[in-house]
1. Counting residues that are under 30 Å from residue 227 (Cβ atoms), which strands (runs of 3 or more DSSP E) fully inside the range 325-408 reach at least 1?
2. Is it the case, given these coordinates, that residue 385 is within 30 Å of residue 258 (Cβ to Cβ) and either crowded, with 17+ Cβ neighbours inside 10 Å or in contact with a helix residue (DSSP H, G or I) (Cβ under 8 Å, 6 or more places away or on another chain) (or both)?
3. Which numbered condition trips up residue 454, out of (1) modelled with pLDDT of 80 or more; (2) on the phi < 0 side of the Ramachandran plot?
4. With the requirement that a residue be in a helix (DSSP H, G or I) and without any contact (Cβ under 8 Å) to a residue 12 or more places away in the chain, what does the range 84-107 give you?
5. So which residues in the range 170-226 are among the β-branched types (Val, Ile, Thr), surrounded by fewer than 16 Cβ atoms within 10 Å (Cβ to Cβ) and at pLDDT 80 or above?
6. Any residue in the range 306-326 that is out of contact with any helix residue (DSSP H, G or I) (no Cβ under 9 Å at 6 or more places or on another chain), closer than 30 Å to residue 467 by Cα and touching a residue at least 40 places away in the same chain (Cβ under 8 Å)?
Amino acid sequence: MENRVTATAKKILLFNTFAFTVCFAAWMLNGVLVTFLVENQVFRWTPVQIGWLMGIPVLTGAVFRLPAGLLTDRFGGKPVFGILLFLSAIPMFLLTYAESYLAFALCSFGFGLTGASFAVGIAFTSVWYPAKWQGTALGIFGAGNLGAALTTLFAPTLLKELTQDGANIEAWRQLPVIYAAALLGTGVLFLWFTNNKKPAANNKTLAGLLAPLKKIRVWRFGLYYFLVFGCFVAFSQWLVPYYVNVYYLPLITAGLLASAFSLPAGIIRAGGGWLSDRLGARKVMYWVLGLSVAISALLIVPKMEIYSPGKGIMARQEGTVTFVSDSLIMVGDLRYPLIVRSNHLEDADERVLIFPARETWQQPVVKPGDTVRKKQLLAKGYTRIYFQATIWVFVGLVILIGSVWGVGSAAVYKFIPQYYPEEVGVVGGMVGVLGGLGGFFSPIIFGYLLEGIGVWTSSWMFILLLSVICLLWLRRSENRPERAGAPASQVEKESQLLNKSEPSYQKG
């Protein structure tokens with residue numbers, strides 16, 4: 001395969017990335033719009049209804065990624081991407097007329113098709129780029145994830161301006177019109193400026209196109225993507241209530257910090273593709289999953305305050321208590337000095353404490369005139385352990401794990417054209433489905449964990465478990481590749497893939 005990147009390929013990548021950014025911004029619209037409408041009492045929806053309205057577009061985009069990838073492999077990316085943009089613009093525009101929960105949900109289901117643009121863009125980008133550059137190209141394309149950050153940053157301001165800071169609240173209906181116009185205009189530009197191209201194996205039957213889904217490897221890639229993309233999407237929304245409830249931040253500040261999580265991850269994804277081209281997807285994934293395990297383990301420790309029994313004081317010999325104060329107990333002539341509580345943690349919330357802080361003290365349990373025996377308890381000991389989980393350390397770790405996941409998202413999609421160069425659409429679509437389902441189901445899992453365990457860091461416990469499983473499966477796949485029943489030529493090819501950063505057919 002020729003390793004030269006043509007000007008047409010660069011143009012296709014530019015328009016693919018632009019279209020995907022617009023689609024991703026539209027896909028995440030409900031996170032801002034629904035919150036605004038409920039806060040301003042335009043609609044009186046329950047928390048459950050709000051959760052479904054935020055999740056419906058994510059679910060639609062996930063489910064339709066596989067058929068979108070199949071259509072792209074069959075007909076090429078130009079018509080499929082163009083039609084998807086036009087179709088998504090219709091329910092987005094109709095959202096402006098929504099007067100009920102059902103109407104809002106149906107429109108959300110419709111414009112959720114924008115989430116399927118990922119599978120189209122992945123397949124359409126990969127057919128234009130040689131294997132040597134596919135990781136970089138797909139990483140640049142995946143940077144369109146920052147569309148989520150664009151909506152989080154600018155949609156609230158647009159709503160404020162459109163509604164004149166709430167004075168004309170019904171003007172919120174202009175926002176879906178703006179997004180619909182953006183989708184429609186992007187579709188026109190895409191069809192006007194791009195060239196179509198199909199994979200060499202686009203004449204396969206449906207059964208032939210779906211054949212790779214029988215491979216357990218595809219599902220392994222899907223689990224990786226469930227973590228690095230699905231959980232990324234989930235935390236893009238989950239972090240807002242996290243900051244409000246754990247750190248008592250205002251909603252606007254919480255939204256800005258949530259944007260700080262999603263924006264770098266989208267940008268760094270391009271760097272993840274470049275690294276995967278240079279070092280190999282497998283080596284990059286080892287680092288990604290290893291760091292995910294380490295960082296999530298640090299994030300598990302909650303903000304907490306623990307009171308526990310500490311070291312007390314026992315009588316060294318029997319006698320009568322002659323004196324008792326907060327700092328001293330006397331039994332006969334024997335003196336027992338006590339540790340007095342210093343209260344140095346009373347203003348702990350106002351300081352920056354990176355490490356856990358401890359405070360100990362002792363309190364008398366006897367009074368003057370008491371007769372005590374040897375080894376009888378004279379004073380109870382108390383220990384207070386305070387861990388602030390300072391917000392700036394937390395924010396830094398969260399941004400770091402988000403960036404690591406951004407690199408991992410690119411690495412996962414470097415695997416796909418290596419193993420399935422002619423089925424990128426269907427395999428990438430299926431992997432995308434699993435990633436999208438991660439974005440839909442993870443907040444639900446987080447909610448159940450929070451309710452069951454009672455601590456917000458239970459979400460990071462789930463991430464730690466999932467990261468460990470992915471890392472162990474990656475290691476196992478290296479020792480025992482999923483190739484049972486494969487022909488000898490395929491076994492040899494996969495061995496080369498495992499032992500080299502690039503497969504053998506990339507060198508020709």
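The values are calculated or read from the model by the stated rules, or taken from the named source; none is laboratory data. If you're wondering where the values come from, they're calculated on a predicted model, not measured in any experiment. Because the Cβ atoms are built from the backbone with ideal geometry, glycine has one as well, and the counts that use them run over all protein chains shown.
1. Working: elements: 328-331, 334-337, 357-364, 377-387.
It comes to 377-387.
2. On the way: within 30 Å of residue 258 (Cβ to Cβ): yes; either crowded, with 17+ Cβ neighbours inside 10 Å or in contact with a helix residue (DSSP H, G or I) (Cβ under 8 Å, 6 or more places away or on another chain) (or both): no.
Here the answer is no, as residue 385 does not meet what is asked.
3. If we test residue 454 against (1) modelled with pLDDT of 80 or more; (2) on the phi < 0 side of the Ramachandran plot, just (2) comes out false.
4. Pass one, the range 84-107, residues in a helix (DSSP H, G or I): 84-97, 101-107.
Within the range 84-107, 102, 103 meet the criteria.
5. Quick first cut of the range 170-226, residues among the β-branched types (Val, Ile, Thr) only: 177-178, 186, 188, 194, 205, 216, 218.
Subset that is surrounded by fewer than 16 Cβ atoms within 10 Å (Cβ to Cβ): 177-178, 188, 205, 216.
Within the range 170-226, 177, 178, 188, 216 qualify.
6. Going through the range 306-326, the residues out of contact with any helix residue (DSSP H, G or I) (no Cβ under 9 Å at 6 or more places or on another chain) turn out to be 306-326.
If we keep only those that are closer than 30 Å to residue 467 by Cα too, we end up with 306.
Those left that are additionally touching a residue at least 40 places away in the same chain (Cβ under 8 Å): 306.
Yes, that holds for at least one residue.
Yes/no per residue for (1) free of Cβ contacts under 8 Å to residues at least 12 places away in the same chain; (2) part of a helix (DSSP H, G or I):
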{"position": "109", "(1), (2)": "no, yes"}
{"position": "124", "(1), (2)": "no, yes"}
{"position": "128", "(1), (2)": "no, no"}
{"position": "135", "(1), (2)": "no, yes"}
{"position": "148", "(1), (2)": "no, yes"}
{"position": "151", "(1), (2)": "no, yes"}
{"position": "158", "(1), (2)": "no, yes"}
{"position": "173", "(1), (2)": "no, yes"}
{"position": "188", "(1), (2)": "yes, yes"}
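One line per residue, one yes/no per condition, for (1) among the basic types (Lys, Arg); (2) modelled with pLDDT under 90; (3) under 23 Å from residue 439 (Cα atoms); (4) buried (at least 17 other Cβ atoms within 10 Å of the Cβ):
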position: 59; (1), (2), (3), (4): no, yes, yes, yes
position: 84; (1), (2), (3), (4): no, no, yes, yes
position: 89; (1), (2), (3), (4): no, no, yes, yes
position: 100; (1), (2), (3), (4): no, no, no, no
position: 106; (1), (2), (3), (4): no, no, yes, no
position: 118; (1), (2), (3), (4): no, yes, yes, yes
